[in-house]
Amino acid sequence: MTRHLNIGTRGSELALFQAHAVADLLRAQSGVDCEIVIIKTSGDLLAEAPLSQIGGKRLFVKEIEDALLNGTVDIAVHSSKDMPAVLPAGLAIGAVLPREDPRDAMVLPVARPQLGDAPRIGTSSVRRIAQLKRVLPGATFGPVRGNLGTRLRKLDDGDFDALVLAAAGLRRLGQESRISALLPVAACVPAPGQGIIAVEIRSDDTATRKIVAQADDALAGAALVAERTVVERLGGGCQMPIGAYAATAGEVLTLTAIVLSIDGNRAVTAAQSGPLTDAAAIGLRVAQELLAGGAGDILAEVERVRAGVEGLQP
């Protein structure tokens, strides 16, 4: 008898691409019948509000995780960078797909393909802003939300002089030609999990775990474990100025991470290497090194600033 799996996902173009990629892989490898179930999230309903003011990217997964917990769907598909460092009780990551390009990309307008000395850059990521302030001191930054097409239209209509987006999303949606420059990891450390599609399951669903495990990519999985361990140990969330990227070469994993103040004036970096099988331990060592360098104080100050801003909201 063919197993049927309901796959929970957001309805955005990128989310649907990711869900269909998982469905196609599971059908090919396991012969399962997959149905896509679109779930509206709080992040979708608050489409114009800055992420830092509405609770961060967690709002893009909460309703989907609720549907997974109550059995409405059998698995959930996410951009792993949107997932909380600590998953809700009863949920686990069952598989990850091979990683797409993890770097951030600079996108310039079609009609004005030059950055200039004081560019207006569209991004809603505090991690990107904090790092880019260090390399583009004359830039100003503004939030930009919406699907990829909406963001690109705002750019081309003159709302911004450039956008900074994940290269993975641009490539997956056939917009690779819009990439004006890829930002080196040394200049802008990616978000933990950037470029990795994650398949979330119920922890006690052993039958589904066996099915999705066939789609798991070991290299991407090890990298994700290392990067998520850093965030978990630091106690940070997805709207904190934390970058972490694990590169793999053969059986060796090299993890680079950074914690910055909101203005980019303070930064602590750390890097460690080791066997792929020690991914969690490497992540822990990097986090400890960051904390020893003052990352805890920086993140505490970020929390104080954000709390003050939230207190001013009507």
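Values in this text are rule-based calculations from the coordinates and carry no lab data. Everything quoted here is computed from the prediction, not taken from an experiment. So basically every Cβ, Gly included, is an ideal-geometry build from the backbone, and we count neighbours across all protein chains shown.
Seen from all sides and averaged, what is the projected area of the convex hull of the Cα atoms in the range 104-182, in nm²?
Numbers: hull surface 18.5 nm².
Average of the hull's projected areas for the range 104-182 equals 4.6 nm².
If you count the DSSP beta bridges with both ends in the chain, what percent of them are antiparallel, to the nearest 5?
Details: 32 of 45 bridges.
Of the beta bridges lying entirely in the chain, close to 70 percent run antiparallel.
How far apart, in nm, are two points set 7 Å out from the Cα along the Cα-to-Cβ line at Val252 and at Arg3?
3.8 nm
Among DSSP beta bridges lying fully in the range 104-182, give the percent that are antiparallel, nearest 5. Numbers along the way, then the final one.
Working: 6 of 11 bridges.
Bridges in the range 104-182 that DSSP calls antiparallel: roughly 55 percent.
What whole-number volume per residue, in cubic angstrom, does the convex hull of the C-alpha atoms of the range 217-314 give?
On the way: hull volume 8.6 nm³, N = 98.
Spelled out: Cα convex hull of the range 217-314, divided by residues, is 88 Å³.
Rank Asp278, Asp204, Asp156 by mean-square fluctuation in a GNM of the chain with C-alpha springs under 10 angstrom and give only the top-ranked residue.
Asp204
Calculated from the structure, Rg/Rh (Cα atoms, Kirkwood Rh) equals which of (1) 0.96; (2) 1.18; (3) 1.07?
Derived directly from the coordinates: (1).
Rank these for me by crowding, His78, His20, His4, going from fewest to most other beta carbons within 10 Å.
Numbers: His78 25, His20 15, His4 10.
Fewest-to-most Cβ neighbours within 10 Å comes out as His4, His20, His78.
Build a GNM of the chain with springs between Cα atoms under 10 Å: which of Leu165, Leu260, Leu148 gets the top mean-square fluctuation?
In the Gaussian network model the winner is Leu148.
From Cα pairs below 8 angstrom and at least 6 apart in sequence, can you work out the relative contact order of the chain, rounded to a whole percent? Mind showing how you got there, number by number?
Details: 641 pairs, mean separation 62.0, N = 314.
With pairs under 8 Å counted, the relative contact order is 20 percent.
Normalised by the number of residues in the range 196-266, what is the relative contact order in percent for Cα pairs under 8 Å and 6+ residues apart? Walk me through the numbers on the way to the answer.
Numbers: 49 pairs, mean separation 15.6, N = 71.
Normalised by residue count, the contact order of the range 196-266 is 22 percent.
Evaluate the distance, in nm, between pseudo-label points positioned 7 Å from the Cα of Val185 and of Arg27 along their respective Cα→Cβ axes.
That separation, rounded to one decimal, is 3.5 nm.
Please compute the contact order of the range 104-182 in relative form: average sequence separation of alpha-carbon pairs under 8 Å and at least six residues apart, divided by the residue count, as a percent.
Values: 114 pairs, mean separation 38.9, N = 79.
Relative contact order, the range 104-182: 49 percent.
Can you compute the helix-only [θ] at 222 nm over the chain? Use -39500 (n - 2.57) per DSSP H run of at least 4 residues, normalise by all residues, nearest 500 deg cm²/dmol.
Working: 11 runs with 115 residues, N = 314.
Mean residue ellipticity, 222 nm, calculated: -11000 deg cm²/dmol.
Tell me the angle of helix 279-292 to the major Cα principal axis of the chain, expressed in degrees between 0 and 90 and rounded to the nearest ten.
Approximately 30 degrees, to the nearest ten.
If we count other beta carbons within 10 Å of each Cβ, what is the order of Glu176, Glu232, fewest first?
Values: Glu176 12, Glu232 17.
Ascending number of Cβ neighbours within 10 Å: Glu176, Glu232.
Arrange Met106, Met83 by Cβ neighbour counts within 10 Å, fewest through most, would you?
Working: Met106 20, Met83 25.
Fewest-to-most ranking of Met106, Met83: Met106, Met83.
Using 12 Å as the cut-off for backbone N distance, which residues of the range 75-103 belong to the label zone defined by a point 7 Å from the Cα of Phe17 along Cα→Cβ?
100-101
Roughly what angle does helix 13-30 make with the longest principal axis of the chain, taking Cα atoms, 0 to 90 degrees, to the nearest 10?
Between helix and principal axis, roughly 30 degrees.
Relative to the longest principal axis of the C-alpha atoms of the chain, give the angle of the C-alpha long axis of helix 295-311, reported between 0 and 90° and rounded to the nearest 10°.
80 degrees
With the dipole of the range 104-182 worked out from charges on the C-beta (+1 for Lys and Arg, -1 for Asp and Glu) around the Cα centre, which of Leu152, Ala130, Val164 lies farthest toward the positive end?
Ala130
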